[in-house]
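K.L.:
Structure provided below as structure tokens; questions to follow.
No value in this document is a laboratory result; all are computed from the given coordinates. Because the structure is a prediction, the values reported are computed rather than measured. Glycine gets a Cβ as well: all are built from the backbone with ideal geometry, and neighbour counts include every protein chain shown.
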Amino acid sequence: MTQYFFMMSTDPTVDPRKCVVGLACAAQALDEGHEVGIFFASHSVRLLQTDFIDSIDVVTGMTQGACRSLLDRVIAGATVACSTGSQEIVGITPDNASDYLVDPLGLIWSGPPGVISMSSDAEISLSF
């Protein structure tokens, strides 16, 4: 089993397809039995927002609910972290996360130390 690290930092309003490809690759790695860590930074933290992920299918050409399904698969099987500072910029903090995010309970809030820790533990790192 291989340990993968996915760094998500692309703004999904600028390149939504790239973001969905990253989620799809993380989900595929999990489906194949690999260990996956994924860190959402910069504006990619929007992908964790319920309203955003539920609406991105239209702009990516995916069927309704497909992007949310990918995210749900990733959340269910991966170690998921996000940038505390990037979330704060879009108005989300650990205190109000349950009002906005898909599944904030298992989410690791961090910053550069989390990226370095997760990536240094991985055998393969991918960036989207």
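K.L.:
Quick one: what pairs do we get from the stretch 65-86, first residue in contact (Cβ under 8 Å) with a residue 12 or more places away in the chain, second among the aromatic types (Phe, Trp, Tyr), C-beta under 6 Å, 6+ apart or different chains?
P.N.:
So the pair list comes out as ALA81/PHE39; CYS82/PHE40; THR84/TRP109.
K.L.:
Taking the conditions exactly as written (assigned to a strand (DSSP E or B) and within 26 Å of THR2 (Cβ to Cβ)), does VAL115 satisfy them or not?
P.N.:
When the stated conditions are applied, VAL115 does not pass them.
K.L.:
Name the one entry in VAL80, VAL74 that is in contact with a helix residue (DSSP H, G or I) (Cβ under 6 Å, 6 or more places away or on another chain) and surrounded by 16 or more Cβ atoms within 10 Å (Cβ to Cβ).
P.N.:
VAL74
K.L.:
A follow-up question, please. I'd like to know if the stretch 38-59 contains one or more residues that are farther than 22 Å from THR2 by Cα, of a type in the set (Gly, Ala, Ser), within 12 Å of the chain's Cα centre (by Cα) and surrounded by fewer than 18 Cβ atoms within 10 Å (Cβ to Cβ). Quick ask: steps written out before the conclusion?
P.N.:
Our first condition is that a residue be farther than 22 Å from THR2 by Cα; within the stretch 38-59, this holds for 41-59.
Of the ones still in play, those that are also of a type in the set (Gly, Ala, Ser) are 41-42, 44, 55.
Applying the additional criterion that residues be within 12 Å of the chain's Cα centre (by Cα) yields 41-42, 44.
Then keep just the ones that are surrounded by fewer than 18 Cβ atoms within 10 Å (Cβ to Cβ); that gives 42.
Looking through the stretch 38-59, at least one residue is farther than 22 Å from THR2 by Cα, of a type in the set (Gly, Ala, Ser), within 12 Å of the chain's Cα centre (by Cα) and surrounded by fewer than 18 Cβ atoms within 10 Å (Cβ to Cβ).
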